[in-house]
Amino acid sequence: MPKSAPASVEFNHVSMRYGAVTAVDDVSFTIHAGELLTLLGPSGCGKTTTLRMIAGLEIASEGQILIGGKDVTRLPAADRDVSMVFQSYALFPHMSVLENAAFGPMVKGLGKARAEAMALEKLALVGLKGFEKRYPAELSGGQQQRVAVARALVLEPQVLLFDEPLSNLDAKLRRNVRQEIRELQQSLGLTVAYVTHDQEEALAVSDRIIVMSNAKIAQQGSPRELYEAPANSFVADFIGDANLVEVTIDAVQDGQAQVMLGPIRLRLPARGLTPGPAKAAIRPHGILLGDGLPGTVRKSSYLGDHVEMIVSTPIGELLVITRQTDPLPVAGAPVNLSFAQQGIALVQ
Amino acid sequence: MRPSTRLALLLGWLGYTLVPWYLPEGWDLAGYPFGRAGTALALAISGAAPWLWPIGIALLAATVFAARAETAFSGRALIAVGLFGLVTFFAQGFAITLPGQGIPWLAALLGGAGAAQPGMGFGALLTLLSLLLLLCHGLAYRGFCRGDLFTTSTVGFVVLLIGLFIFLPVATILRNALVDANGSWALGEFSDRLLSSTIWGLGCLGGGIACGVAWNTLMLGLLTGTITTLLGLACALLVLRTAMPGKRLMRAMTVLPIITPPFVIGLAIILLFGRSGVVTGFMSEWFGIPRSRWIYGLPGVLLAQVLAFAPIAFLVLIGVVQGIAPSLEEAAQTLGAKHWTTFRAVTWPLLRPGLANAFLLGFVESMADFGNPLVLGGNFEVLSTKIFFAVVGAAHNQGMAAVLAIVLLVFTLGAFWLQQGWLGGKSYTTVFGKGDAGIPAKLPTFATVLSAAVIVPWVLLTAVIYAVILIGGFVKTMGRDHTPTLEHYRTGFAVDFSHGLFFEGAAWPSLFTTLKVAAISAPLTALIGLLTAYLLTRQRFAGRRLLEFTTMLSFAIPGTVLGVAYILAFNVPPVEITGTGLILVLAFVFRNMPVGVRSGIAGLAQIDASLDEASTTLGARSFTTLHRVVLPLLKPALVAALIYSFVRSITSVSAVIFLVSAEYNLATAYIVGRVEAGEFGLAIAYSSVLIVVMAAGIALIQFGVGERKLGRRPVALATSAAEPAR
């Protein structure tokens, strides 16, 4: 079988409707070859449906889907060169680890010996040498997940899909496994579409992220762009924590906007906004204790290396995270807040 | 066009040009390719059957498209061609049948005014399949069912089968009731028959004349439903809520009605309580109570039905009682309620939906029951027996049979509707995902005593009944002459070895036919049932809800109605199969299909759909996925479906009593014949042989299908064979 090179995925105005419900609404994007792109969003935003349309498990109601430049919009899943790692892993319980991994080449008709050789190679790659004869029920959750990845890799697909692959693992294991997935993707140069609702996971593994909300794309960009320059308040709030404060832009000059944040005058990148009402997304880390905006500590939680506070100020209640634990701010204490420039973004 | 579409087209040409179009008489191929054994093409060209031209044109059009490359247009074209072919196919089939029948105006339109044609044969079958496949492939090219050829084809196939073998027969009954022999509307006659006093008469209230059959049937159904529900409840409470001995025995008893032909209980009751029965004789000798025929009529039928169906109610209610989370009752007790108050205020209301369900089951079973009223009814007529006598009796009144069948169908559909619509929304879910520790509340003493007082005699009676069934075949005449003898077995099952192997017993032919038909129909039932279940649970397509509703509906069609429908629908062209073995197989397959569907749906519910999807994304097509992933995991459901359909094919009387012929007689029909002739010894001997054969068959199927392997430890098969048979 010729090894197929990783391919790009292109969505042109794709919609998915179930009766009156629109699960994905006029979505266009591109996943470049060899890139890991994450579809991120709250549950019900259409990210899993989008992934399933790449796999061919759903056939788009409208629009065009290209894989490697070839139109696959109406091509059944079995005919697409795409593999998927399922949230539940979907390991066949009546087959051993080896039979599971060899399933793809077997149904392609490559013969048992060839299929098992290919399966063993990928099982070794994910560190499961020696587990071939076991059944899925005899493996731990992490091992099951590796089998699922190995099974998806065996056919060396043009595109590899992950549907919330870490959601069934415990928190500590998650961090390791997501690094392993990222390393595997980079070393093999795979094109990967990855679905998650966990923004930290998305930031950690992605080349680029598409944030989805209500069946539409809210923003796409690199992790850094999304965090530092969110396109709207939804993205700002979803990626990392943000205090959303109503502000008014007084004037815009050379791409810099003049904004009054309480008594403090700030000059921030305007990012296409015009004078008038807007919102400022203020990262909790970007608020410093010092002079400036006066306020009162309402609640304070000591979390070892940092302190989380709710501070009530004239511009509203703000979540503040500070590493200044000495002296520990207590509830009721007066504080003054100032703002780091890179911790604030203006959004619509 | 993909290769499989070309193959489907080839199949169509084969059926149209080479294979005889009509069903040949006695495989006589004289005159091929013209005349009776002619091919469609030859008949169309020679002008003998010009109405076959459009079908050929459809195939020709499909061939033109098949030569071209696959474009967006080809899907639409295939759909149009397939639809056109199917429409013309069925139009000519139903328009031109026997002389003077069919649809004259449509026949004239198709160029066959006044013409006649025999029933369709293998050529027509192949062509029909081909046209259906072309239509379904066209739909797949257009992206239906995720563009999967196998799925769309299966949907088309299942819809065609249900249409032909469930919808068409039922529609034929309606037609027979509404239309007279000349094919014109006969509404006056219909309403006369429908409102006739033999159906709705209330003479019995005034004393003297018997009530109408509809009231008899309803009364019997209500009584059977009520009594079986109460017995089942008492039994379930005793087993689950007391430390009663013999619980395993009670559970084992629930399997009995599944492997017992329905009228056998009635037969045993005659042998016990009939005029010359064991108990009757005992009573007259010791207490001077005169022998009488009191058992023939409502008391006997009711007793037989209660004995036969109470285990089913028990099975339903044991699930319901088990489903009541003990913590609910414990909560009531911690809030200060006493045992009796808890039972009345918490347990009882939670039981109610289950009770209604068990009642409706007993009600429907009683109305559909045919064997017991036939054997024990005497002058007490119910709808199912009345239908039988309207068809096979001296009157031979098919219109009357159709009207009676409609009344019965309305009753059972009404009960079914109540069960689905009313109970569907009312059942209380008391089993939650979380484990629910706790000890079920003890039954109040008075309820325990009451239950035990009812259950113990019932269990004893059941034991006596089965003892009679076992012993009855080995004595000369049960009740009169208890000399041990093998005479009955010799009459039925003698084998002569004097010149080779010769099955000389009178029962052998019917037993062989029964086994053959059951063995053929069981795998077909399982296959079609599981395929339908797979479509219903795993695929999305337009009309899925309708398909689901239709298969559920066929639960509610009583066997007697199905039997009548089959003879009415299939003794004339285009599908003329009355008197063949095929009609028996088809009747069993479609009578038992809901069982296959239900066990398939239950089995598939336990298999996560992502397994199918994983297989698909790894490049396996639907068929491979079904074969490599779903089927191995579905083995328990497969076993259940096979066992059910096998056993029900053997025990069924109502549907097939109309369909058997001299050449193809079945065991149950043969036994009923013996009972009517008064040969009880042979009948009971044959019945016990059937029970043994079924037990052996079940063991064989379990062994043959094997176990589902999940991990190294084999998982014990949950055959769920103890589910209620409906």
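Some notes on this structure:
- Filter pass, A:Ala60 being in contact (Cβ under 8 Å) with a residue 40 or more places away in the chain, within 14 Å of chain B (Cβ to nearest Cβ), of a type in the set (A, V, I, L, M) and part of a strand (DSSP E or B): no
- Of the set (1) surrounded by 23 or more Cβ atoms within 10 Å (Cβ to Cβ); (2) more than 23 Å from the chain's Cα centre (by Cα); (3) within 14 Å of chain A (Cβ to nearest Cβ), all apply to B:Leu682 but (3).
- Matching residues in region A:100-118 - criterion: being without any contact (Cβ under 8 Å) to a residue 12 or more places away in the chain and within 10 Å of chain B (Cβ to nearest Cβ): A:Met106, A:Val107, A:Gly109
- Residues of region A:140-159 satisfying the condition of being of a type in the set (A, V, I, L, M, F, W, C) and closer than 19 Å to A:Gly127 by Cα: A:Val147, A:Ala148, A:Val149, A:Ala150, A:Ala152, A:Leu153, A:Val154, A:Leu155
- If you go through region B:106-125 and keep only what is assigned to a loop (DSSP other than H, G, I, E, B) and in contact with a strand residue (DSSP E or B) (Cβ under 9 Å, 6 or more places away or on another chain), you end up with B:Gln117, B:Pro118, B:Gly119, B:Gly121.
- So B:Val585, is it more than 14 Å from chain A (Cβ to nearest Cβ), buried (at least 24 other Cβ atoms within 10 Å of the Cβ) and either touching a residue at least 24 places away in the same chain (Cβ under 8 Å) or of a type outside the set (Asp, Glu) (or both): no
Let's see how each residue does on (1) aliphatic (A, V, I, L, M); (2) in a helix (DSSP H, G or I); (3) modelled with pLDDT under 85:
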| residue | (1), (2), (3) |
| --- | --- |
| B:Leu642 | yes, yes, no |
| B:Ala685 | yes, yes, no |
| B:Leu690 | yes, yes, no |
| B:Ile701 | yes, yes, yes |
| B:Gly704 | no, yes, yes |
| B:Gly711 | no, no, yes |
| B:Ala716 | yes, no, yes |
| B:Ala722 | yes, no, yes |
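- Among the residues examined, A:Gln185 qualifies as at pLDDT 90 or above, within 27 Å of A:Gly68 (Cβ to Cβ), of a type in the set (S, T, N, Q) and touching a Leu at 6+ places or on another chain (Cβ under 7 Å).
- Looking only at region A:138-148, and only at residues there that are within 12 Å of another protein chain (Cβ to nearest Cβ) and buried (at least 22 other Cβ atoms within 10 Å of the Cβ), the one that is farthest from A:Pro165 (Cα to Cα): A:Val147
Yes/no per residue for (1) at the interface with chain A (Cβ under 9 Å from one of its Cβ atoms); (2) over 30 Å from A:Leu161 (Cα atoms):
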site	(1), (2)
B:Ser599	no, yes
B:Gly603	no, no
B:Glu613	yes, no
B:Val639	no, yes
B:Ser649	no, yes
B:Ser654	no, yes
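- Within region A:292-316, being out of contact with any Ser or Thr (no Cβ under 6 Å at 6 or more places or on another chain) and in contact (Cβ under 8 Å) with a residue 40 or more places away in the chain holds for A:Pro294, A:Thr313, A:Pro314, A:Ile315, A:Gly316.
Conditions tested, residue by residue: (1) farther than 30 Å from B:Phe588 by Cα; (2) within 14 Å of chain A (Cβ to nearest Cβ).
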residue	(1), (2)
B:Ala61	yes, no
B:Thr71	yes, yes
B:Phe89	no, no
B:Ala95	no, no
B:Gly121	no, no
B:Leu126	no, no
B:Cys136	no, no
B:Leu160	no, no
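- For region A:68-98, residues that are of a type in the set (Ser, Thr, Tyr), crowded, with 19+ Cβ neighbours inside 10 Å and either at the interface with chain B (Cβ under 8 Å from one of its Cβ atoms) or touching a helix residue (DSSP H, G or I) at 6+ places or on another chain (Cβ under 7 Å) (or both) total 2.
- Filter pass, A:Pro275 being out of contact with any Asp or Glu (no Cβ under 7 Å at 6 or more places or on another chain) and surrounded by fewer than 15 Cβ atoms within 10 Å (Cβ to Cβ): no
- Failed criterion for A:Pro269 (all others in (1) modelled with pLDDT of 85 or more; (2) in contact with a Ser or Thr (Cβ under 7 Å, 6 or more places away or on another chain) hold): (2)
- Selected residue (only one of B:Thr624, B:Thr617 is without any contact (Cβ under 8 Å) to a residue 24 or more places away in the chain, crowded, with 24+ Cβ neighbours inside 10 Å and facing chain A (nearest Cβ under 9 Å)): B:Thr617
- Any hit, region A:243-266, residues being of a type in the set (A, V, I, L, M) and not in a strand (DSSP E or B): no
The values are calculated or read from the model by the stated rules, or taken from the named source; none is laboratory data. As the structure is a prediction and not an experimental result, all values here were calculated from the model. Every residue, glycine as well, gets a Cβ built from its backbone with ideal geometry; the counts of neighbours run over all protein chains shown.
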